[in-house]
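The values are calculated or read from the model by the stated rules, or taken from the named source; none is laboratory data. Note that the structure is predicted; figures quoted are calculated from it, not measured. With ideal geometry, Cβ positions are generated from the backbone for all residues, glycine too; neighbour counts draw on all protein chains shown. Just the protein is used for accessible areas: all its heavy atoms, side chains included, with ligands, DNA and RNA removed. Shrake-Rupley method; radii C 1.70, N 1.55, O 1.52, S 1.80 Å.
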Amino acid sequence: FSTMLRANSLFLRQANFSSGIISTNTTAGFIEFTKNFSTTTKLHNQSPDYIILGAGSAGCVLAGRLTEDSSRSVMLLEAGPSDRGSWDSWKIHIPAALTENLKNDKYNWDYYSTPQPQLNNRRLHQPRGKALGGSSSLNAMVYIRGHPLDYDRWAEEGAKGWEYKNCLPYFKKAQTHMDGENLYRGGNGPLYVSGRWYSNQLNDIFVKAGIAAGYPSTDDLNGYQQEGFGPMNLTVGKDGKRCSTATAYLVPALKRKNLTVKTKARVTKIIIEGTDSPKAKGVEYIDENGNVHRVYAQKEVISSLGAFGSPQILMISGIGDSNHLKEHGIKSYHHLPQVGQNLQDHIDTYIQYLCTKPISLYPYTNWKTPWNPISVGLQWFLTGKGVCSSNHFEVGGFIRSAAGIKYPDIQYHFIPACVVGQLEVLTKHGYQVHCSTMRPYSKGFVKLQSSNPLDAPLIDPQYFSHPQDWIDLRNGLRLTLEIMEQGPFDSVRGERYSPTPSINTKSDEELDKWIKESSHSAYHPSCTVAMGQVVDSEGLVYGVENLRVVDSSIMPSVVSGNLNAPTIMIAEKIADAIKGNGYLPPINAPFFVDENWKTEQRP
């Protein structure tokens with residue numbers, strides 16, 4: 001283990017940070033902000049053109065793209081620490097360590113929902129990234145764009161210009177795909193997107209089982225055909241390290257004199273002037289020592305704080321439902337009742353089986369035989385290869401839960417191990433598939449708990465408040481069990497671990513009981529500052545000058561897949577809007593829709 005740490009330290013020293021541009025304070029742990037912070041405000045000596053709040057999946061993209069023009073100055077404020085420079089930064093960069101940062105709040109906001117009535121009043125974990133790279137430094141590194149029809153739906157919901165043909169050019173612009181450029185893939189972008197890093201035979205068995213159940217195979221879940229089973233794309237670089245937006249966009253931009261990055265800088269409000277014609281002038285933030293700073297923007301304030309943080313900072317600053325703001329004694333500068341509303345998320349359930357052959361990932365996670373995890377950890381530190389170079393979500397699939405559904409509404413992530421809860425690996429050989437419904441009917445909200453900007457927001461997803469969500473997940477789970485019982489699994493299938501064999505999955509009552517006890521958030525919150533409701537198609541907040549929101553919160557509705565790739569695309573597209581250089585030409589790429597979708601559940 002000490003050898004691993006020394007190798008990690010060598011990797012960290014190779015990071016090239018320009019003095020005075022970015023804080024790389026390496027003190028252990030993130031210094032908690034005191035609620036009794038200084039009442040003395042320091043006026044910052046810089047007045048950048050743009051102040052970006054949050055160095056996450058969108059914020060890093062914006063900072064990188066806007067500073068390509070040396071005439072534009074940007075200040076990027078991040079509440080968390082750097083993603084490198086600390087003894088435990090390896091937890092971010094090792095792909096296989098993806099659950100490590102979910103266990104505490106150093107690199108994670110570590111939010112929880114309110115008690116959910118439909119889920120036995122459980123409070124579901126809602127982790128969000130708190131470091132350079134944001135949730136792209138915390139997530140599972142799955143690169144999935146969603147279905148083309150998701151974006152055509154956005155345009156119908158009020159996001160003018162966001163049809164798939166207009167989004168595809170920006171997916172491509174962001175990406176360098178390991179297999180090169182084609183009609184759907186990019187070949188020269190900052191974000192490296194790869195395929196399988198560590199092959200496990202259970203992955204191949206899962207894909208074969210999907211095909212045996214009558215579903216198609218697809219070689220690219222982001223290409224012509226999403227529907228079917230095949231390899232996942234990963235945001236893992238050539239070096240075997242996580243390719244976050246901090247790595248892809250921010251690190252290359254740090255040498256630019258027109259970019260200032262401040263870590264451990266917690267924004268407490270956006271400075272708004274005027275009530276008849278409100279205008280964003282700047283922000284206040286507090287540093288790690290509790291000092292309050294005020295900085296003004298020459299052009300715009302841009303919030304990229306995510307689906308929880310962006311509505312919270314808007315409301316704290318006086319933009320939102322005026323009645324809700326009044327409850328907390330906050331002056332209303334602009335009444336926008338939809339701020340924080342329309343929260344959408346994917347629910348996640350695990351179907352798990354024990355494995356009769358010793359071929360799962362379990363030995364590499366078992367510290368009772370320490371030579372296994374130490375050897376693969378050391379291999380990664382020295383070479384960037386091996387078991388630790390993969391997130392192990394290397395295959396997946398998309399299906400439709402019933403006939404009459406036009407395109408897939410069920411997503412699968414397969415992993416050759418069983419996870420207990422969401423953080424620990426079962427100490428037995430096993431495998432599991434994550435079954436998630438993609439287009440929930442239930443919608444929740446984000447509100448303020450108080451007027452204190454340092455208090456966590458109140459997060460209520462209202463899971464399963466709409467009856468159709470129960471129907472869709474029941475259908476999806478039963479179809480999943482059918483897939484997992486196919487012939488390709490016969491040689492490795494042990495006892496079903498969850499749901500246990502004692503649960504009659506044909507009974508709605510018994511299946512619902514298991515769902516209430518076992519389901520989790522898939523960590524895909526979105527839509528709380530939606531285009532067409534709170535912001536326009538370029539992220540500009542209705543009724544407030546010089547204020548923009550760019551992150552997953554501006555999605556009109558959640559996409560059918562993971563959110564990191566779409567969020568990066570959103571930032572790429574709006575970066576061009578801010579520059580005023582015009583959008584990239586549309587790409588009219590064909591995509592698959594089963595011609596018999598009205599009458600058949602599978603092609």
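A few notes on this one:
- Entries in K299/K579; K326/K447; K106/K264; K173/K385 that, when Cα-Cα distance is taken, lie over 19 Å: K173/K385
- Kirkwood radius and radius of gyration were both taken over the C-alpha atoms of segment 60-115, and their ratio Rg/Rh is 1.10.
- Given R0 = 56 Å, the distance between the Cβ atoms of K160 and T500 translates into a calculated FRET efficiency of 0.65.
- Calculated Rg and Dmax of segment 529-603 using C-alpha coordinates, Å: 16.2, 50
- Electrostatic tally near F445: other residues with Cβ closer than 12 Å to its Cβ, Lys and Arg +1, Asp and Glu -1, net -1.
- Segment 388-465 shape via C-alpha gyration tensor axes, a/c threshold 1.5: oblate
- The local environment of G161, defined by Cβ-Cβ distances under 9 Å, has a net charge of 0 under the rule Lys, Arg +1 and Asp, Glu -1.
- Long-range Cα-Cα pairs in segment 467-603 (distance over 27 Å), rounded percent: 49 percent
- Within the accessible area of the chain (1.4 Å probe), percent carbon and sulfur: 49 percent
- Whole-angstrom Cα spans of segment 242-372 along principal axes, big to small: 70, 41, 27
- Heavy atoms of S47 accessible to a 1.4 Å probe, total area in Å² rounded to 10: 60 Å²
- Beta bridges per DSSP, both residues in segment 56-201: antiparallel share near 60 percent.
- Burial ranking of peptide ranges 51-59, 343-351 (average Cβ count within 10 Å, highest at the top): 51-59, 343-351
- The chain - accessible surface per residue (Å², probe 1.4 Å): 37 Å²
- Of the peptides 334-341, 298-305, the order by per-residue mean of other Cβ atoms within 10 Å, starting with the highest, comes out as 298-305, 334-341.
- Rounded to the nearest whole angstrom, the semi-axes of the ellipsoid equivalent to segment 317-461, taken from the Cα gyration tensor as √(5λ), stand at 42, 23, 13, largest first.
- Normalising the Debye intensity of segment 193-253 to I(0), with uniform scatterers on Cα atoms only, and taking log10 at q = 0.16, 0.21, 0.26 Å⁻¹ returns -0.63, -0.87, -1.06.
- Antiparallel beta bridges, as assigned by DSSP with both residues in the chain, represent about 70 percent of the total such bridges.
- Separation of alpha-carbon centers, segment 456-487 and segment 509-533, rounded to whole Å: 8 Å
- Descending Cα extents along the principal axes, segment 298-365, whole Å: 63, 31, 18
- Put simply, the amide H of D110, placed in the peptide plane, has neighbours under 5 Å in R128, leaving out anything fewer than 5 places away on its chain.
- Geometric descriptor of segment 433-520, per residue, is 135 Å³ (volume of the convex hull of the Cα atoms).
- Among 287-295, 170-178, 430-438, the order from most to least packed when residues are scored by Cβ within 10 Å on average: 430-438, 170-178, 287-295
- Theoretical ellipticity at 222 nm over the chain - DSSP helices of four or more residues, -39500 (n - 2.57) apiece, nearest 500: -6500 deg cm²/dmol
- Charge tally around I92: other residues with Cβ under 15 Å, Lys/Arg +1 each, Asp/Glu -1 each, net +2.
- For G146, the residues 5 or more places off, or on other chains, whose built amide H falls under 5 Å of its own are N562.
- Both radii were evaluated on the Cα set of segment 360-402; the Rg over Rh quotient, with Rh as the Kirkwood radius, amounts to 1.21.
- Here, P(r) means the percent of Cα pairs in each 5 Å bin from 0 to the largest distance; for segment 261-301 it is 6, 24, 27, 21, 12, 6, 3, 0.
- Mean projected area of the Cα convex hull of the chain, taken over all directions, amounts to 25.4 nm².
- Gap separating the Cα centres of segment 388-442 and segment 580-600, nearest whole Å: 25 Å
- Cα centroid of segment 332-355 to Cα centroid of segment 149-165, whole Å: 20 Å
- Over segment 145-195, the ratio between the Cα radius of gyration and 2.2 N^0.38 Å evaluates to 1.23.
- The Cα-based radius of gyration and maximum Cα-Cα distance (Dmax) for segment 122-239 are 16.3, 45 Å.
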